[in-house]
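Chemist: Can you read through this structure? Questions will come right after.
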Amino acid sequence: MIGELYEEALRGGARVEIEHADGRRRPLPVWEWLAPRPGDAGLLRRCAGATLDVGSGPGRLTVALARRGVPVLGIDVAPAAVALTVAAGGPALCRDVFGRVPGAGRWETVLLADGNVGIGGDAEALLRRVAALLAPGGRMLVEVDPPGGGARVEPLRLRSGRSVGEWFAWAHVPADAVAGLAAACAVRVAEVWEESGRWFATLTR
């Protein structure tokens, strides 16, 4: 049901909300993934060499990089997201980051934008996996939460009318927790920056 509701939202077929364990709800911000966002420029500028966009969604970053001539591949678990990316001119495959990924160990840059450091609910496991996908000396560009609040994992689910998805875990990593997470994953913090109210970190192998 999680995938179905996510894909329905991408197609514009329903208003989908994210529900928190305490009952709070907020719209699934599909509009942020469909068009350039403030803060994207610095992220794109830091992409060097062959770039893997993990959780690429409808592909705004994948497509932007392809248009700049950067070798790029987007991966997403949702077929609808992959189809939107390809239709917009970006190369993309339906893949799970924890599964078989083309070019493993040879990517020069891996993107985890739009809070995708939360994928799987275990940021350490995710970053270790991403580090394994990188070439020696490669970098991961990770969007994180603003400083404060501490790293945490919370249960979420998607909801649209009477359709309700299963609970899933999502991790949150604030900017001031990046150093500790990087140390646990045997990677180095090269940079932390803020742009247009969004926070990012560059981690290197």
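Read-outs: derived from the displayed coordinates by stated rules, not from any lab. Values in this document were obtained by computation on a predicted structure and should not be read as measured data. With ideal geometry, Cβ positions are generated from the backbone for all residues, glycine too; neighbour counts draw on all protein chains shown.
Chemist: Would you mind classifying the chain by shape? Square roots of the alpha carbon gyration tensor eigenvalues, ordered a ≥ b ≥ c; an a/c under 1.5 is rounded, otherwise it is prolate if a/b is larger than b/c and oblate if not. Provide the component values of the computation, followed by the final result.
Modeler: On the way: a/c = 1.62, a/b = 1.20, b/c = 1.35.
Oblate is the answer for the chain, as a/c is 1.5 or above yet b/c matches or exceeds a/b.
Chemist: Moving to a separate point now. By average Cβ neighbour count within 10 Å, what is the ranking of 180-187, 106-113 from highest down? Intermediate results must be reported in sequence, preceding the final value.
Modeler: Numbers: 180-187: 16.5, 106-113: 23.2.
Top of the packing list down: 106-113, 180-187.
Chemist: Right, next: Counting DSSP beta bridges in the chain, what percent are antiparallel, to the nearest 5? Don't skip to the end; give the middle numbers.
Modeler: Details: 27 of 43 bridges.
Once the DSSP bridges in the chain are tallied, antiparallel ones form about 65 percent.
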